[in-house]
Each structure stands twice: as C-alpha cells, then as structure tokens.
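Shown next, in structure tokens, is the structure this report addresses.
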Amino acid sequence: MNRTRRAPVPSPVLARSRSPLVALLAALVAASAVLLGAGSAEAAGYRYWSFWEGNGKNWEYATQGPSLLRPDDGTVQGFRFAVSEDSGDAAQPRRAPGFGAICADTPAKDGRKRVALVIDPGTSADAPDGEKPPAPRTACAQVAPEASSAEALAAVAKPLRYDSSAMLCAISGYPESGCGEQVSGEDGSAKPSSSPEPSGSARPGDASEAARDDGDGSGGGPSAGLLVGIGAVLLLGAAAVVQARRRR
C-alpha cells in the first residue's frame with residue numbers, strides 16, 4: 001500500500017519564534033533607512049559671522065569671542081559671513097592675513113596699537129533672501145592698548161548690530177536682518193531655531209569653541225541610523241546561525 005509522504009510541517013513553537021524575529025528585523029531595517037534618510041535630508045547649517053585669527057600665513061578659527069580677546073599690536077583678525085555647520089567646514093576670509101599690507105598707511109603711534117582687520121561679507125549664495133553682500137574689505141584699527149577685538153572692529157566698521165544675547169549680527173550694516181539663523185539643508189531657506197548660536201560665531205560675551213565636532217548637536221559618535229543598521233546586521237547574522245544549527 002503506497003502512502004503519500006507528507007512534507008514536514010514546522011512546529012508551532014518554531015513558527016512562532018520566526019515570526020517575531022522577522023518582524024523585528026523588518027522594523028529595524030525600516031527604521032535604519034528612515035533615520036539615515038532623515039540625517040541627510042535634515043543636514044543644516046547656520047548663517048553667521050565667524051571670527052578668525054591670522055598667524056602670518058594662514059587663518060585659524062578663533063577660540064575666544066571678540067570682546068574677550070585682547071589682540072597685540074600687529075595682530076591680524078578676520079570676520080567672514082557664510083553658512084556653515086561647524087568650525088570644521090566654516091569658510092575662511094578670502095584675503096590672506098597680511099598685516100604689513102593692511103596697515104601700511106597707518107603709522108605706529110605711542111600709546112596706541114594697530115590691529116589689521118579683514119572683513120569678508122561672503123558670497124551671494126550665503127546672503128539672506130533679497131540682500132546682496134558688499135565687497136570684502138580691509139581696515140587698520142588704531143586703538144588703545146587694552147582694547148578688545150570687538151572694540152577694534154567698532155572703530156572701523158560701524159554700524160554693528162547685536163542681538164539680545166550679545167551675538168554679533170551685522171558688520172557695517174550687513175546683513176540688514178537675521179542673526180545666526182539655522183538654514184535648511186534642502187532648499188537653503190532660513191528657519192527659526194531656538195538652539196544656541198553656532199560655535200565660533202562672533203559673540204562678544206562668550207568664549208567660542210575651537211571646534212564643533214558634533215555638527216548636529218548629537219556629539220561626535222555614530223549616528224542613530226548607523227547604530228540601528230549595525231544592530232540589524234548583527235541580528236541577521238544571529239538568525240542565520242540559528243537556522244544553520246536547526247538544519248543539522
């Protein structure tokens with residue numbers, strides 16, 4: 001008598017154990033895709049005046065705000081208006097920091113110091129809507145020996161505009177509006193933000209960080225999407241091991 005051999009039917013316990021695992025993996029993979037996509041779509045910067053110090057040849061991102069820094073005679077300092085995420089990608093002034101050329105027509109004077117300033121309003125791409133940046137310029141400020149960088153700037157580049165938290169918003173009236181606003185990474189439009197101003201901005205009352213490693217306020221570690229993706233890969237590997245053992 002011939003009997004039809006039936007295909008083995010997975011046990012209910014095995015079927016139940018696979019279903020949650022598959023669902024979990026699917027959820028993790030989907031979450032990873034969403035988070036990774038959101039990370040790239042939400043990339044944003046800040047539109048602000050960054051503050052720089054010249055070392056004779058190159059520009060270095062300032063580690064103090066302009067009202068805290070007391071430059072020596074013969075110092076070169078720069079201000080650059082641009083959109084950037086942090087100090088790592090901040091745009092430098094587009095003129096070399098040469099004290100001799102900038103202050104050549106300003107003779108030394110007893111009881112005064114000279115500070116060479118490079119003021120670069122940036123490009124049209126970084127300008128607020130409806131505004132056109134003026135041309136970059138230089139100036140030699142001759143001020144009292146104890147004067148701060150902010151006072152040196154005020155001596156040659158009025159009018160200056162500050163916000164209620166003492167952040168420098170405009171030099172020589174540019175830009176007419178806005179102050180350290182967050183700019184969307186998708187369309188370049190500005191949007192209100194309650195987050196602190198970007199590190200290294202020309203805020204006279206505060207020391208600026210030498211670098212803003214996090215870029216998005218989350219620290220310098222891996223992104224959430226990356227961690228979820230790694231977790232999903234590890235779970236997939238574990239599931240493969242379990243399946244291989246059951247087939248033996």
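Please specify each residue of region 55-71 satisfying the condition of being under 17 Å from residue 100 (Cβ atoms), open to solvent by 30 Å² or more (accessible area, probe 1.4 Å) and within 22 Å of the chain's Cα centre (by Cα). Before you say what the answer is, go through the steps one by one.
Going residue by residue through region 55-71, those that are under 17 Å from residue 100 (Cβ atoms) are 55-59, 71.
Now narrow it down to the ones that are open to solvent by 30 Å² or more (accessible area, probe 1.4 Å): 55-58.
The answer is 58, and nothing else.
Restricting attention to strands (runs of 3 or more DSSP E) lying wholly within region 50-143, give those where 2 or more residues are among the β-branched types (Val, Ile, Thr). Step through it out loud before you land on a result.
Values: elements: 59-61, 75-84, 113-120, 137-143.
In region 50-143, 75-84, 113-120, 137-143 are the strands (runs of 3 or more DSSP E) which contain 2 or more residues that are among the β-branched types (Val, Ile, Thr).
Name the one entry in 139, 90, 147 that is modelled with pLDDT under 95 and more than 14 Å from residue 174 (Cβ to Cβ). Working first, answer last.
Details: 139 fails: modelled with pLDDT under 95; 147 fails: modelled with pLDDT under 95.
One residue alone meets the criteria, 90.
Evaluate the following for residue 181: is it more than 22 Å from residue 54 (Cα to Cα), open to solvent by 20 Å² or more (accessible area, probe 1.4 Å), of a type in the set (Asp, Glu) and within 20 Å of the chain's Cα centre (by Cα)? Outline the logic, then answer.
Working: more than 22 Å from residue 54 (Cα to Cα): yes; open to solvent by 20 Å² or more (accessible area, probe 1.4 Å): yes; of a type in the set (Asp, Glu): yes; within 20 Å of the chain's Cα centre (by Cα): yes.
When the stated conditions are applied, residue 181 passes them.
Considering only region 133-155, state which residues are farther than 20 Å from residue 176 by Cα and under 25 Å from the mean Cα position of the chain (by Cα).
The answer is 149, and nothing else.
From 130, 74, grab the single residue that is on the phi > 0 side of the Ramachandran plot, open to solvent by 20 Å² or more (accessible area, probe 1.4 Å) and touching a residue at least 40 places away in the same chain (Cβ under 8 Å). Steps first, please.
Values: 130 fails: touching a residue at least 40 places away in the same chain (Cβ under 8 Å).
Exactly one residue qualifies, and that residue is 74.
Would you tally the residues in region 88-125 being among the acidic types (Asp, Glu) and either touching a Ser or Thr at 6+ places or on another chain (Cβ under 9 Å) or exposed (fewer than 11 other Cβ atoms within 10 Å of the Cβ) (or both)?
Total satisfying the criteria: 2.
Could you check region 133-148 and list, in sequence order, the residues that are surrounded by fewer than 15 Cβ atoms within 10 Å (Cβ to Cβ) and either touching a residue at least 60 places away in the same chain (Cβ under 8 Å) or at positive phi (or both)?
If the condition is that a residue be surrounded by fewer than 15 Cβ atoms within 10 Å (Cβ to Cβ) and either touching a residue at least 60 places away in the same chain (Cβ under 8 Å) or at positive phi (or both), then 145, 146 are the ones that fit.
The values are calculated or read from the model by the stated rules, or taken from the named source; none is laboratory data. Quantities reported herein were computed from a predicted structural model and do not represent experimental measurements. Counting neighbours? That spans all protein chains shown, and the Cβs are built from the backbone with ideal geometry, glycine included. With ligands, DNA and RNA removed, areas are computed over all heavy atoms of the protein, side chains included. Shrake-Rupley method; radii C 1.70, N 1.55, O 1.52, S 1.80 Å.
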